[in-house]
1. Within 30 Å of residue 426 (Cα to Cα) and open to solvent by 70 Å² or more (accessible area, probe 1.4 Å): is that true of residue 257 in this structure?
2. Counting just the residues of segment 390-436 that are basic (Lys, Arg) and not in a helix (DSSP H, G or I), which one comes out farthest from residue 180 (Cα to Cα)?
3. Got at least one residue in segment 165-185 being of a type in the set (Val, Ile, Thr), surrounded by fewer than 20 Cβ atoms within 10 Å (Cβ to Cβ) and not in a loop (DSSP other than H, G, I, E, B)?
4. Collect the residues in segment 4-38 that are assigned to a strand (DSSP E or B) and in contact with a helix residue (DSSP H, G or I) (Cβ under 7 Å, 6 or more places away or on another chain), keeping them in residue-number order.
5. Got at least one residue in segment 217-236 being within 21 Å of residue 474 (Cα to Cα) and among the hydroxyl-bearing types (Ser, Thr, Tyr)?
6. When you scan segment 383-395, do you find a residue that is buried (at least 18 other Cβ atoms within 10 Å of the Cβ), in contact with a Lys or Arg (Cβ under 8 Å, 6 or more places away or on another chain) and touching a residue at least 60 places away in the same chain (Cβ under 8 Å), even just one?
7. Can you tell me which condition residue 261 does not meet? The list is (1) at positive phi; (2) more than 17 Å from the chain's Cα centre (by Cα), and all the others hold.
8. Restrict the check to segment 40-57 and report whether at least one residue is of a type in the set (Asp, Glu) and either more than 30 Å from residue 131 (Cβ to Cβ) or in a loop (DSSP other than H, G, I, E, B) (or both).
Amino acid sequence: PKTENQLLVIFGASGDLTARKLVPALYKLYKDDHLPEHFVVLGVARSFMTDEQFRNRVALESKYLDDSEAFIEAFSEKLFYEDLHKKYDVSYRELNERIQNLNTVYQCNNNFIFYLSTPPSLFEAIAKNLTAEGLNDERLGWKRLIVEKPFGYSLDTAKALNEGLHRYFKESQIYRIDHYLGKETVQNILVTRFANSVFEPLWNRDYIDHIEITNAESGGVESRGGYYDKSGALRDMFQSHLLQLVALIVMEPPLSADPEEIRNEKLKALKSLRMMTDPEVLERDTIRGQYLSSMIDGERVNGYREEEDVDPDSITETYAAVKFFVDNWRWADVPFYVRTAKRMPTKVTEVVIHFKSPHHQIFKNSNINKDNKLIIRIQPDEGILLKFGVKVPGQGFKVERGNLDFYYSGLGDSHIMEAYERLLLDAMQGDATLYARADEVEAAWRFTDPILNYWKSPKAKVYGYSAGVWGPEHANELIEGTHEWRNPGR
Ligand code: BG6
């Protein structure tokens, strides 16, 4: 697809995401020759900065410093900055003048993307102010709005946000970012399932015993305590990234790879998650935890409540585990176990499909008590691992576990695009496949809301866990019986 000439306006450009993710992704696209001939970026935020100061602020990370100074300089000349420190109407008039000026000088053909990397409370006001300046009008060129997560704090706030944005922009102009959808391995779930004939016939309750999704981070909340304390693991990761993963695992085959077909199926999948409303079920099948201070590699790390900008009495969860079911023909009675946490022993995201045991086991004395597993490694060591029984050479039938292992890194020099590179390029080309639609986001909130509400009640417990372990011990009870969590090592 062709990437037309365009102007990208980033709101919240003085923030961390612009310097850490967006500008490096744009630089990489530039380096790989994916940017159109005429392309400029206008950073926008409240504080005052000159173009030069903005360029220095988002100065590229050292990993790019191998590139020649002239090359980096040529990229940095595409970056501009405008502040919004005056009253809204004045600021937006000036902003519009700046946009029109850059559009003319750099021949952006009136194609504009507005990237909202601000708190969600500002999304609607920005859309409204852009509209007042006619910046949603597509007669001369297209206009797109990319919105960052979190998309609301609950079902009601997400609905209000959708309504607010739809007052000014059409759904087809809105791109809701979920950066997990930009990950190569997440997209590969669709290919694994629907471009092969060996997995899909087994992809159902007849062959699958249970499904486990783990998202672990070794880091704590770092400098984002202020945001995180109001959010927690369930809102920060589960409602968005992890339920998107669930949707890709659960969905029925779409009619085609058309964005709307895929999103229709994902929506159906999200709607089929069994709502957890019974307090007894919520107590039994959801676990939240908070990391406590502990020693890691001889150094003391802070407990969550000691982190900067975190309430010392906070009950916000840094660990969340949920067991749930999917009420449809394909998945009836198959439990899904999903957990996400900070301050785990390692950083890893994986989906594990646990297959049922063979109906009749003839190798009675074999030590194979573990069943087939398909492990989709989202990160790191991106790839797929299939575990299956093999005969140990020698007399009798001793069976051991063998592995079929595929690593993306083995594909030679094919470069795995970073999620933000992929997603920015898609939006620049008008492809919304990897963005979440309004109804999908609302369906994910509809499922998450009752858990959040239950956790507000004084009855709901918060378990402590030491930084650097696999979460509260109590979480084992959630999965206990014949199952246990797979705690992948590095
Ligand atoms: C973000 C969350 O959306 O995803 C962060 O806000 C989290 O809290 C991050 O650390 C994880 O992303 P990744 O790509 O490092 O797994």
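The values are calculated or read from the model by the stated rules, or taken from the named source; none is laboratory data. This is a predicted model, so every value here is computed, not measured. As a convention, Cβ positions derive from the backbone with ideal geometry for all residues, glycine included, and neighbour counts pool all protein chains shown. For the accessible areas, the whole protein counts, side chains as well, though only heavy atoms, and no ligand, DNA or RNA atoms are used. Shrake-Rupley method; radii C 1.70, N 1.55, O 1.52, S 1.80 Å.
1. On the way: within 30 Å of residue 426 (Cα to Cα): yes; open to solvent by 70 Å² or more (accessible area, probe 1.4 Å): yes.
It is true that residue 257 is within 30 Å of residue 426 (Cα to Cα) and open to solvent by 70 Å² or more (accessible area, probe 1.4 Å).
2. To start, the set of residues in segment 390-436 that are basic (Lys, Arg) comprises 391, 398, 401, 422.
Right, trim to not in a helix (DSSP H, G or I) and you get 391, 398, 401.
Values: 391: 38, 398: 41, 401: 31 Å.
Applying the filter and picking the extreme gives 398.
3. Narrowing segment 165-185 to residues of a type in the set (Val, Ile, Thr): 174, 177, 185.
Restricting the remaining residues to those that are surrounded by fewer than 20 Cβ atoms within 10 Å (Cβ to Cβ) gives none.
No, there is no match, as no residue in segment 165-185 is of a type in the set (Val, Ile, Thr), surrounded by fewer than 20 Cβ atoms within 10 Å (Cβ to Cβ) and not in a loop (DSSP other than H, G, I, E, B).
4. Result: 6, 7, 9, 10, 11.
5. Yes: one or more hits.
6. Yes, that holds for at least one residue.
7. (1)
8. yes
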